[in-house]
1. Looking only at the stretch 140-149, filter to residues that are over 15 Å from PRO115 (Cβ atoms) and open to solvent by 20 Å² or more (accessible area, probe 1.4 Å); which one of those is farthest from the ligand (Cβ to nearest atom)?
2. So how many residues does the stretch 186-212 have that are outside any strand (DSSP E or B), closer than 13 Å to SER257 by Cα and among the small types (Gly, Ala, Ser)?
3. Look at THR233 and say whether it is farther than 27 Å from ALA22 by Cα, modelled with pLDDT under 95 and not hydrophobic (A, V, I, L, M, F, W, C).
4. If we scan the stretch 86-97, do we find a residue that is without any contact (Cβ under 8 Å) to a residue 60 or more places away in the chain and within 10 Å of the ligand (Cβ to nearest atom)?
5. Name, by its number, the condition in (1) at pLDDT 90 or above; (2) of a type in the set (S, T, N, Q); (3) within 16 Å of the ligand (Cβ to nearest atom); (4) surrounded by fewer than 21 Cβ atoms within 10 Å (Cβ to Cβ) that does not hold for SER157.
6. What are the residues in the stretch 213-258 that are under 24 Å from THR62 (Cβ atoms), without any contact (Cβ under 8 Å) to a residue 60 or more places away in the chain and in a loop (DSSP other than H, G, I, E, B), if any?
7. Does at least one position in the stretch 65-77 carry a residue that is over 24 Å from VAL104 (Cβ atoms), free of Cβ contacts under 8 Å to residues at least 60 places away in the same chain, open to solvent by less than 50 Å² (accessible area, probe 1.4 Å) and within 10 Å of the ligand (Cβ to nearest atom)?
8. Examine the stretch 22-41 for a residue that is in contact (Cβ under 8 Å) with a residue 40 or more places away in the chain, in a helix (DSSP H, G or I), within 12 Å of the ligand (Cβ to nearest atom) and over 20 Å from THR193 (Cα atoms), and state whether such a residue exists.
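The values are calculated or read from the model by the stated rules, or taken from the named source; none is laboratory data. Please read these numbers as outputs of a predicted model, since none were measured by experiment. Cβ placement follows ideal geometry from the backbone for every residue including glycine, while neighbour counts extend to all protein chains displayed. For the accessible areas, the whole protein counts, side chains as well, though only heavy atoms, and no ligand, DNA or RNA atoms are used. Shrake-Rupley method; radii C 1.70, N 1.55, O 1.52, S 1.80 Å.
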Amino acid sequence: MKVLITGAAGLLGSEFVRAYHARGDVVVACDRARLDVTDAERVGDLMREETPDVVLHCAAYTAVDRAERDGERAFSVNEDGTRNVADAAASIGARFVYFSTDYVFDGQTDEPYTPDSLPNPLSVYGRSKVAGEGATQASGADWLIVRTGWLFGRGGSNFVSTVLRRAREGLPTRVVDDQRGRPTWATNLAEHTIELLDLGTLGIVHVANSGTATWFELAEAALRIQKLKLDVTPVSTQVWGAAAERPRYSVLDIAASEARLGRVMAPWYDALSTFLSKVDL
Ligand SMILES: NC(=O)c1ccc[n+]([C@@H]2O[C@H](COP(=O)([O-])OP(=O)(O)OC[C@H]3O[C@@H](n4cnc5c(N)ncnc54)[C@H](OP(=O)(O)O)[C@@H]3O)[C@@H](O)[C@H]2O)c1
């Protein structure tokens, strides 16, 4: 099988590159320098040259707070870029996979969000990702939308590596303690997505590790596992004062994916322990 991966140098894209290489599949790994997804002509040309069976669209504008003052760029990448890649995938009959986010929801609930729940994003980033879902659905490709959230892993900057770095540097850290989600290891997300694709899954799915946490609980867990001491202070979203509004509760219901896979997702704490035992951050 041949897979084309956009955003291949990012946190999730690099997981797919590793996972598909390990399976012996042919991987066309496109970082931004090789394929800027906002360049429709280049996207079309590359898709026709490579004719992959599956396109994993991991390229995205992911700076949630910066998007509040840079909405044009966020939509250009997350909506127009997605349309370019999805339409090009449709034109060659490739399956198209789009990664979306728990931030498409408003968090005004205490029940996990199912794939059928109605998006109501609070931020520019969330709205641009909903627009990307729309572009995916309109493309005419065989599409899979994978919503996930709170990723940690090897590549890029992510919350867990930031907390651990600050601990090593002895910097006091404030962490938000009133937003709840499902921390998810990018490696598990890639594995489950590949399995779902192998099963021929289409439509919208939610994939995340099981269990829930606040950012503060996640920070504490990472420090405990690494036996590091850090002066961490829990703070409210209001005190933290980020530019973008985030859902207070963005727990994704993963039951349908678990049923499809025939097994439960690993708890986030176990996934975090495994990740930290393998990687030197
Ligand atoms: N991380 C999370 O917690 C999280 C949660 C929910 C959903 N997601 C979704 O999961 C997907 C992967 O996210 P991630 O965490 O892997 O993000 P990431 O580490 O920021 O990777 C995104 C990649 O896309 C690239 N990119 C940006 N603009 C591009 C363009 N115009 N053309 C081509 N490439 C471009 C970035 O390159 P540069 O570095 O050069 O900008 C980066 O390598 C995204 O769709 C994201 O919305 C992530």
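1. Looking at residues that are over 15 Å from PRO115 (Cβ atoms) and open to solvent by 20 Å² or more (accessible area, probe 1.4 Å), I get GLY140.
2. Residues flagged as outside any strand (DSSP E or B), closer than 13 Å to SER257 by Cα and among the small types (Gly, Ala, Ser) within the stretch 186-212 amount to 2.
3. yes
4. no
5. Against the list (1) at pLDDT 90 or above; (2) of a type in the set (S, T, N, Q); (3) within 16 Å of the ligand (Cβ to nearest atom); (4) surrounded by fewer than 21 Cβ atoms within 10 Å (Cβ to Cβ), SER157 comes up short only on (1).
6. GLY241
7. Taking the stretch 65-77 as the starting set, the residues that turn out to be over 24 Å from VAL104 (Cβ atoms) are none.
Looking through the stretch 65-77, none of the residues is over 24 Å from VAL104 (Cβ atoms), free of Cβ contacts under 8 Å to residues at least 60 places away in the same chain, open to solvent by less than 50 Å² (accessible area, probe 1.4 Å) and within 10 Å of the ligand (Cβ to nearest atom).
8. So far as the stretch 22-41 goes, yes, one or more of its residues are in contact (Cβ under 8 Å) with a residue 40 or more places away in the chain, in a helix (DSSP H, G or I), within 12 Å of the ligand (Cβ to nearest atom) and over 20 Å from THR193 (Cα atoms).
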